[in-house]
Amino acid sequence: MNALPTRMRAMVLNRAGAPLDCVERDRPRPGPHQVLVRVRACGVCRTDLHIVDDELPGIRHPIIPGHEIVGEVVERGPSAELPAGTRVGVPWLGWTCGSCDFCRKGQENLCGSARFTGCQIDGGYADYVVADERYCFPLAGGLDDAHAAPLLCAGLIGYRSLRMTGDARRIGLYGFGAAAHIVAQVARHEGRECLAFVRPGDDEAARFARELGCSWAGSSDSRPPAELDAAIIFAPAGPLVPAALAAVRRGGTVVCGGIHMSDIPSFPYALLWGERTVRSVANLTRRDGEEFLALAPRIPLHTEVTTFALEDANEALARLREGRLTGAAVLLPGA
Ligand SMILES: [Zn+2]
Ligand SMILES: [Zn+2]
């Protein structure tokens, strides 16, 4: 194998609230069960904003964010088996204990000792990343690197959220960004109807939602034309919870797909009455990843991306924060 460079570029969060610093540092080395991955593309997730804003527990500083990584294995550590040249996806779930009750019951997404890529483990806003191969997903052909990156979190969490709606036929999607634009395609593939709720005045997002097959798209403060069987909230706004409850039928479920949300205002019990359910979706399991990545090419899923150079990560984050993106932002370190 050609000698790899000993140094690499990385966008580093040194302290909460600071812009990411573009630095040159030593390339990491893979330890046991780990592979060194050359990053080809890394998606920018809303969770990265919550990490910058210090809204999640246990964030390590300094940290390289980024957990929607598509890259190529270039070196393996002891006991690692993925051959060099393998195209892999590196997701948010980076490590779990394997022995707690949750891990043993197929709920590794809830493991109390779990470590997450781009939060406790350096992530993909860099030329190279080291990842535990047992948590990586080999990626077949299909989408190119940039278009595959958003599947690794927006797609996966969206998929898990959709599963939590059971057999709901008519689903409201609150916040039509990276996750919703993928979920809408999966739901439509399964013969479900999607309605999109966007920020008041965001005509571009409403147009995008209709283009992806949503039967209705309107402002999040408006009532849908028909009762929903379920709703998925991707926008980090607590007031959407009572709004969604008011829009779902008796027995319906409201799924909160984000990792962080502003406070939920109090609301009359009547909104929950009628056996309505509010639940959250936390992280992902490897099984979610295997199922979803096998399903993606069969649909086939398409993603809308806006690409940025690695050094422009701060600009990508700013545009995500301000809602000035259609689909997903993706960094391309090789560009
Ligand atoms: Zn565990
Ligand atoms: Zn994410």
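The values are calculated or read from the model by the stated rules, or taken from the named source; none is laboratory data. Keep in mind the model is a prediction, meaning the values are calculated, not measured. Cβ atoms come from the backbone with ideal geometry, glycine included; neighbour counts cover every protein chain shown. Surface areas here come from the heavy atoms of the whole protein model, side chains and all, with no ligands, DNA or RNA. Shrake-Rupley method; radii C 1.70, N 1.55, O 1.52, S 1.80 Å.
Observations on the structure shown:
- Filter result (within 16 Å of ligand 2 (Cβ to nearest atom) and part of a helix (DSSP H, G or I)) within the range 108-118: 109
- Scope the range 130-145; condition assigned to a strand (DSSP E or B) and more than 18 Å from the chain's Cα centre (by Cα); matching residues: 130, 132
- Scope the range 30-50; condition touching a strand residue (DSSP E or B) at 6+ places or on another chain (Cβ under 7 Å) and either within 29 Å of residue 182 (Cβ to Cβ) or open to solvent by 70 Å² or more (accessible area, probe 1.4 Å) (or both); matching residues: 34, 35, 36, 37, 38, 39, 40, 41, 42, 43, 44
- When residue 115 is tested against the conditions (1) without any contact (Cβ under 8 Å) to a residue 24 or more places away in the chain; (2) out of contact with any strand residue (DSSP E or B) (no Cβ under 6 Å at 6 or more places or on another chain), the lone failure is (2).
- Among residues of the range 87-107 being aromatic (Phe, Trp, Tyr) and more than 16 Å from residue 47 (Cβ to Cβ), the one that is nearest to ligand 2 (Cβ to nearest atom) is 95.
- Residues of the range 25-59 satisfying the condition of being within 22 Å of residue 325 (Cβ to Cβ) and not charged (D, E, K, R): 39, 41, 42, 43, 44, 45, 47, 49, 50, 51, 52, 56
- Single residue of the range 6-29 satisfying the filter (in contact (Cβ under 8 Å) with a residue 40 or more places away in the chain, part of a loop (DSSP other than H, G, I, E, B) and open to solvent by 60 Å² or more (accessible area, probe 1.4 Å)) that is nearest to residue 143 (Cα to Cα): 29
- Among the residues of the range 119-129, those identified as part of a loop (DSSP other than H, G, I, E, B) and closer than 16 Å to residue 40 by Cβ are 123, 124, 125, 127.
- Residue within the range 65-78 that is more than 16 Å from ligand 2 (Cβ to nearest atom), of a type in the set (Lys, Arg) and either farther than 30 Å from residue 235 by Cβ or not in a loop (DSSP other than H, G, I, E, B) (or both) present: yes
- Leading residue by the ranking (surrounded by the most Cβ atoms within 10 Å (Cβ to Cβ)) among those in the range 156-180 that are in contact with a Phe, Trp or Tyr (Cβ under 7 Å, 6 or more places away or on another chain) and assigned to a helix (DSSP H, G or I): 180
- Any hit, the range 40-47, residues being more than 16 Å from ligand 2 (Cβ to nearest atom) and closer than 18 Å to residue 4 by Cβ: yes
- Hits in the range 85-107 - residues which are open to solvent by less than 60 Å² (accessible area, probe 1.4 Å) and either more than 16 Å from ligand 1 (Cβ to nearest atom) or part of a strand (DSSP E or B) (or both): 85, 86, 87, 88, 89, 90, 91, 93, 94
- If only residues of the range 252-298 that are without any contact (Cβ under 8 Å) to a residue 40 or more places away in the chain and crowded, with 22+ Cβ neighbours inside 10 Å are counted, the one that is nearest to residue 142 (Cα to Cα) is 256.
- Where a residue in the range 182-199 is open to solvent by 60 Å² or more (accessible area, probe 1.4 Å) and its partner, wherever it lies, is among the basic types (Lys, Arg), with Cβ under 7 Å and at least six apart: 193/169; 193/170
- Qualifying position, being part of a strand (DSSP E or B) and either among the charged types (D, E, K, R) or open to solvent by 60 Å² or more (accessible area, probe 1.4 Å) (or both), among 249, 207: 249
- Taken together, the residues in the range 215-233 that are closer than 30 Å to residue 53 by Cβ, open to solvent by 30 Å² or more (accessible area, probe 1.4 Å) and not hydroxyl-bearing (Ser, Thr, Tyr) amount to 1.
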